[in-house]
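**Q** First, the structure itself, so that you have it in front of you.
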Ligand code: NZQ
Ligand code: ZN
């Protein structure tokens, strides 16, 4: 293990079919004025809204609402939410939904008590630390993917300036508790479900493909990826397979709750490109990642060839003898099998489908941060070549 690190994850997590029962007791630990934050209405259609209201009423809470949090939440919505939260004198935020709702709730939690500063500039442009006066967040997760339920990430989009940036807040901003019932994910539309699956895969790969030391984190990630690939194939055929959905949900949490990042320099370039595509097109997050991944990994493979060989053998069961024990061929076969799996589960494989074309490719390039902790720091020309190959 390289480097010096701290591992501290303060989120208390409840998992399983009965997980929601724990909300009752958890609510006792927080204030009376609850701001109930949710998205576009899926929780009303599934009946989850009513179940949660019953628990909040039973607990005697004053409930106000901040609804309509959109996928890829915007800064305008955050400004509106800050007003609502202030009017409601919210002392606790209950976020019910996917990554967008939880990310947004974290953004709110550190902005409600800001004095004269603009949250966009402070957190999402300058990446400053959160103020002390944070309104605590608890969450009920309805879709697996981002890992937001157990981390400090908060991604906000600003369409005026075509920027989608993520601030990773410290442990004070992690949800205080997270409730995960895999059954709640049964109703996630297939497109969103597979996008979530690839988001998980990408989180793992972007930590895995860095460094050349022998690192426990890599072995954990290999297990997570094997489980994810296996369960995703089952879940696309049978969305109500509890075993598969529960494994996907748990893998999502572990993919990005900071554990497997320990001792790793980490790449994250696919997320930088994906966020830029998201800023320009507002496309679904996981699909922005899947659309560029194969060209990206083909491009960086020569710079981390041994790791790509290991990935092929351990994660994709590539048999070296079938490829004359040739490292490059083995590594390439790994990416080929990954590409086959991506097509099998129905992922978007090119950026044109998401709305990137000749007219806005420069906007994507402009919005992409080029990071240098993976196997290869891209130049702008290389980025352009990858995007063109992704068309
Ligand atoms: O809004 P509603 O009506 O609830 O519908 C949502 C939304 O349309 C729907 N949905 C969620 N659960 C459902 C459901 N529909 C039926 N049944 C259910 N049980 O799914 C749609 C997508 O939801 P969203 O929350 O946007 O998806 P996801 O969880 O993928 O979150 C994406 C956001 O998270 C950010 C992304 O950039 C994006 O903005 N990320 C956050 C990260 C973090 N906190 O660490 C890291 C990630 O890399 C990612 O960047
Ligand atoms: Zn992601």
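The values are calculated or read from the model by the stated rules, or taken from the named source; none is laboratory data. Not measured: the values here are computed from a predicted model. FYI the Cβ positions are ideal-geometry reconstructions off the backbone, even for glycines, and counts take in every protein chain you see.
**Q** Which condition breaks for residue 187 when tested against (1) more than 6 Å from ligand 1 (Cβ to nearest atom); (2) part of a loop (DSSP other than H, G, I, E, B); (3) surrounded by fewer than 24 Cβ atoms within 10 Å (Cβ to Cβ)?
**A** Unmet for residue 187, out of (1) more than 6 Å from ligand 1 (Cβ to nearest atom); (2) part of a loop (DSSP other than H, G, I, E, B); (3) surrounded by fewer than 24 Cβ atoms within 10 Å (Cβ to Cβ): (1).
**Q** Can you find, within region 119-138, the residue that is surrounded by the fewest Cβ atoms within 10 Å (Cβ to Cβ) among those that are away from ligand 1 (no atom under 14 Å from the Cβ) and not in a loop (DSSP other than H, G, I, E, B)? I'd like the intermediate steps shown before the answer.
**A** Residues of region 119-138 away from ligand 1 (no atom under 14 Å from the Cβ): 119-122, 125-136, 138.
Cutting the leftovers down to not in a loop (DSSP other than H, G, I, E, B) gives us 119-122, 125, 138.
Numbers: 119: 23, 120: 21, 121: 10, 122: 18, 125: 15, 138: 24.
Checking each candidate, the answer is 121.
**Q** Kindly indicate whether any position in region 15-29 is under 23 Å from the mean Cα position of the chain (by Cα), part of a strand (DSSP E or B) and more than 30 Å from residue 282 (Cα to Cα).
**A** Yes, that holds for at least one residue.
**Q** What is the one condition in (1) modelled with pLDDT of 95 or more; (2) away from ligand 2 (no atom under 16 Å from the Cβ); (3) outside any helix (DSSP H, G or I) that residue 116 does not satisfy?
**A** All conditions pass for residue 116, except number (1).
**Q** Given the options 265, 293, name the one that is within 16 Å of ligand 2 (Cβ to nearest atom) and under 30 Å from residue 157 (Cβ atoms).
**A** 293
**Q** Return yes when residue 216 is away from ligand 1 (no atom under 12 Å from the Cβ) and either buried (at least 18 other Cβ atoms within 10 Å of the Cβ) or modelled with pLDDT of 95 or more (or both) and no when it is not.
**A** So residue 216 fits the description; yes.
**Q** Now for a different question. Restricting the search to region 139-159, which residues are more than 7 Å from ligand 1 (Cβ to nearest atom), outside any strand (DSSP E or B), modelled with pLDDT of 95 or more and farther than 17 Å from residue 127 by Cα?
**A** 144, 149, 150 - these are the residues of region 139-159 that are more than 7 Å from ligand 1 (Cβ to nearest atom), outside any strand (DSSP E or B), modelled with pLDDT of 95 or more and farther than 17 Å from residue 127 by Cα.
**Q** Consider residue 176 carefully, then state whether it is under 27 Å from residue 262 (Cβ atoms), more than 10 Å from ligand 1 (Cβ to nearest atom) and outside the structural domain of residue 245 (by TED's automatic domain parsing). Spell out how you get there, then give the answer.
**A** On the way: under 27 Å from residue 262 (Cβ atoms): yes; more than 10 Å from ligand 1 (Cβ to nearest atom): yes; outside the structural domain of residue 245 (by TED's automatic domain parsing): yes.
The answer is yes for residue 176.
**Q** Of all the residues that make up region 58-72, how many are within 16 Å of ligand 2 (Cβ to nearest atom) and out of contact with any strand residue (DSSP E or B) (no Cβ under 6 Å at 6 or more places or on another chain)?
**A** Looking only at region 58-72, we keep the residues that are within 16 Å of ligand 2 (Cβ to nearest atom), and these are 71-72.
Next, only the ones that are out of contact with any strand residue (DSSP E or B) (no Cβ under 6 Å at 6 or more places or on another chain) stay: 71.
The total comes to 1.
**Q** On to the next question. Taking region 233-266, which residues are in contact (Cβ under 8 Å) with a residue 12 or more places away in the chain, more than 13 Å from ligand 1 (Cβ to nearest atom) and part of a loop (DSSP other than H, G, I, E, B)?
**A** Correct list: 259, 260, 262, 263, 264, 265.
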